[in-house]
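Below: one structure, written as structure tokens.
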Amino acid sequence: MTAKPDAKTPAVRRSIFSPLGHPVFRRIWTASVLSNLGLLIMGVGAAWAMTEMTSSPKMVALVQACLMFPVALVSAPAGAAADMFDRRLVGLVALSISFLGACSLSLLAWFGALSPTLLLVFCFLIGSGMALFGPSWQASVGEQVPAEDLPSAVALNGISYNLARSFGPAIGGAIVAALGAIAAFATNALFYIPLMAVLFLWKRKQEPARLPPERLARAVVSGVRYIMFSPSIRIVLFRTMVTGVVGGSVSALLPIVTRDLLGGDARDFGVMLGAFGFGAVIGALNVSNLRSLLGAERAVRLCVVLMGAGVAAASLSHSKLLTGAALLFAGAGWTASVTLFNVGIQLSAPRWVAGRALAAFQAAIAGGIAFGAWMWGATASALGVSNALTLSSVGLVLSALLGIWMRIPQVSGPNELTSDWLEDPEMRLQLTPRSGPIVVEIEYRVDPKRARLFYAVMQQIQHSRQRNGAYSWSIARDIADPELWTERYHCPTWLDYLRQRNRPTDSERTLHARAMEFHLGPEPVRIRRMLERPVGSVRWKDETPDHAVAEEAAIVRT
């Protein structure tokens, strides 16, 4: 699933703006800029409204936490929905939830009925809609652009948010200062409409499914299993979460920094957020160059250290100019690192599980930010804002050391499903899709001199089988015939087995072929597929002598 860095891959040579040449992506991307702009304007209004209702740093930090925590909470079902259903329709439903939440928040503010608790509740509702929208939106990028433009499209989606972040907070600060938080809430509601219209008009080409979709619970389990048995994805998710925790101080504490350290108002808060966002755009624009020149791991290390330096400077500054400059560096490091993590997930996960993998990524970053927002808010209440930011900067620099043990894999291209759909195996039992469990045994004859190499390949085969749906995998060697090895695994039902055998990607098919190459002799590898607990296949209607039926019935009665 991984490859060595290669500066000549298509992902490196393509311009970052190439995806904008595709009309569907261009329209959705442009509308998403407006949507993100509205969300950030709303965030400024919500954060400043909370500072006017309470002076508690913890309550102010909870605004960010309530916007981000739903991403972690609903990521699993959101990712499963993105893979099971039409991603366009899932996106429309998700945006409708956020739109209704934004309208309700605007009405509450208009009638003067807004309280800190209600503000947090509707921030949570809006965040829930965006949490449901995220996996479907990101997973559909692969349907809007060709594979060679996918890394650039991922980076552009990051730029979409951060381009809005460059101007949205400043605009939001001006709106709040001039018209109050209600205008910020209403602007957010209006800016959802273009994206909803674009998705509604998108004529998505959906390939007919060869097998029935999984049920929601099973789809969630399948996504979790894929991640559990994909070491490269696990590493990226853990590094993402750590970065979110230690780097979440900026978004959580910036309102307090503006008010207490800089003596600013809502307009200054918007300018500070804009500086962070402008730096983020610079970071996203340079992701492809960083990835090609340094490789994924060294690029991530550079980015988190750069962000740590920016946060450290902001913690010591009482000058708006110096703090703005520090936030430029912090924003560049933050977005470049997160985009590198996102690209790694998108290129590692095949399309059948892309929504669930991206949901896990969003859960990791949002959960990290939400926990970090709470943690840094509590730290600021106990030790002061400046000390909290200093500790955050130290944590960011130290997080670069994780690369010593958990190195970010360099993936050279999308990990696509093989185009060859395997024919169903021959069967003489009458099976239904729910028949099972199915037991598969594969016998290999291997030269004892190559046993160690074969075993090493089979350990990789184990991960491949298990992440695609196999259970109870084992490999055994015959003690009376050392050449004979037996691979064995289960699938819950016949339909699950058909899914499992057609989910491997091209790279996994190559791995399976390597295992077959160890096989000796003229006879092919022997594969047995068996129905475990086959009582359902033993039918009373079989042609059996009458006395045998009577005898079997008597046995059953006893």
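The values are calculated or read from the model by the stated rules, or taken from the named source; none is laboratory data. No experiment lies behind these values; they were computed from the predicted model shown. Note: ideal-geometry Cβ built from the backbone for every residue, glycine included; neighbour counts use all protein chains shown.
Quick check on region 441-457. Is at least one of its residues assigned to a loop (DSSP other than H, G, I, E, B), crowded, with 17+ Cβ neighbours inside 10 Å and not assigned by TED's automatic domain parsing to the domain that holds residue 229?
no
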Under 7 Å between Cβ atoms, which residue pairs at least 6 apart in sequence (or on different chains) link something in region 422-434 that is closer than 15 Å to residue 503 by Cα with a partner that is among the charged types (D, E, K, R)?
422/501
In region 225-265, which residue that is touching a residue at least 60 places away in the same chain (Cβ under 8 Å) and part of a loop (DSSP other than H, G, I, E, B) is surrounded by the most Cβ atoms within 10 Å (Cβ to Cβ)?
248
Within region 82-94, can one find any residue that is in the same structural domain as residue 215 (by TED's automatic domain parsing), of a type in the set (Phe, Trp, Tyr) and assigned to a helix (DSSP H, G or I)?
no
Looking only at region 376-389, and only at residues there that are hydrophobic (A, V, I, L, M, F, W, C) and surrounded by fewer than 22 Cβ atoms within 10 Å (Cβ to Cβ), the one that is nearest to residue 129 (Cα to Cα):
378
Residues to consider are 109, 178; find the one that is in the same structural domain as residue 284 (by TED's automatic domain parsing), more than 30 Å from residue 352 (Cα to Cα) and surrounded by fewer than 22 Cβ atoms within 10 Å (Cβ to Cβ).
178
Going by the conditions given, is residue 214 surrounded by fewer than 24 Cβ atoms within 10 Å (Cβ to Cβ), charged (D, E, K, R), in a loop (DSSP other than H, G, I, E, B) and not assigned by TED's automatic domain parsing to the domain that holds residue 491?
yes
Going through region 347-375 one residue at a time, which ones are of a type in the set (S, T, N, Q) and surrounded by fewer than 24 Cβ atoms within 10 Å (Cβ to Cβ)?
348
Per the list (1) assigned to a loop (DSSP other than H, G, I, E, B); (2) at pLDDT 85 or above; (3) out of contact with any helix residue (DSSP H, G or I) (no Cβ under 8 Å at 6 or more places or on another chain), residue check on residue 406 breaks on (3)
Going by the conditions given, is residue 34 touching a helix residue (DSSP H, G or I) at 6+ places or on another chain (Cβ under 8 Å), of a type outside the set (S, T, N, Q) and more than 27 Å from residue 352 (Cα to Cα)?
yes
Tell me whether region 320-327 contains one or more residues that are touching a helix residue (DSSP H, G or I) at 6+ places or on another chain (Cβ under 6 Å) and within 17 Å of residue 159 (Cα to Cα).
yes
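Yes or no, residue by residue, for (1) in contact with a strand residue (DSSP E or B) (Cβ under 9 Å, 6 or more places away or on another chain); (2) modelled with pLDDT of 85 or more; (3) more than 30 Å from residue 258 (Cα to Cα):
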residue	(1), (2), (3)
7	no, no, yes
10	no, no, yes
14	no, no, yes
26	no, yes, yes
37	no, yes, no
44	no, no, no
47	no, no, no
61	no, no, no
Scan region 185-211 residue by residue and report those that are modelled with pLDDT under 90, surrounded by 11 or more Cβ atoms within 10 Å (Cβ to Cβ) and touching a Phe, Trp or Tyr at 6+ places or on another chain (Cβ under 7 Å).
none
What pairs come out if I take residues in region 399-410 that are in contact (Cβ under 8 Å) with a residue 60 or more places away in the chain and pair them with residues that are part of a loop (DSSP other than H, G, I, E, B) whose C-beta lies under 6 Å away, six or more apart or interchain?
409/2; 410/5
Can you pull out every residue in region 519-548 that is aliphatic (A, V, I, L, M), in a loop (DSSP other than H, G, I, E, B) and modelled with pLDDT under 85?
538
I'd like to know if region 98-118 contains one or more residues that are more than 13 Å from the chain's Cα centre (by Cα), of a type in the set (Phe, Trp, Tyr) and not in a helix (DSSP H, G or I).
yes
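Out of the residues in region 320-335 meeting the condition of being surrounded by fewer than 24 Cβ atoms within 10 Å (Cβ to Cβ) and in contact (Cβ under 8 Å) with a residue 12 or more places away in the chain, tell me which one is nearest to residue 242 (Cα to Cα).
Residue satisfying both the conditions and the ranking: 329.
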If only one of 312, 299, 325, 275 is in a helix (DSSP H, G or I), under 23 Å from the mean Cα position of the chain (by Cα) and assigned by TED's automatic domain parsing to the domain that holds residue 154, which one is it?
299
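Quick one: which of 288, 315 is closer than 20 Å to residue 393 by Cα, at pLDDT below 95 and hydroxyl-bearing (Ser, Thr, Tyr)?
After applying the criteria, what remains is 315.
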The residue that is modelled with the lowest pLDDT, considering only those in region 486-514 that are touching a helix residue (DSSP H, G or I) at 6+ places or on another chain (Cβ under 7 Å) and among the hydrophobic types (A, V, I, L, M, F, W, C), is 511
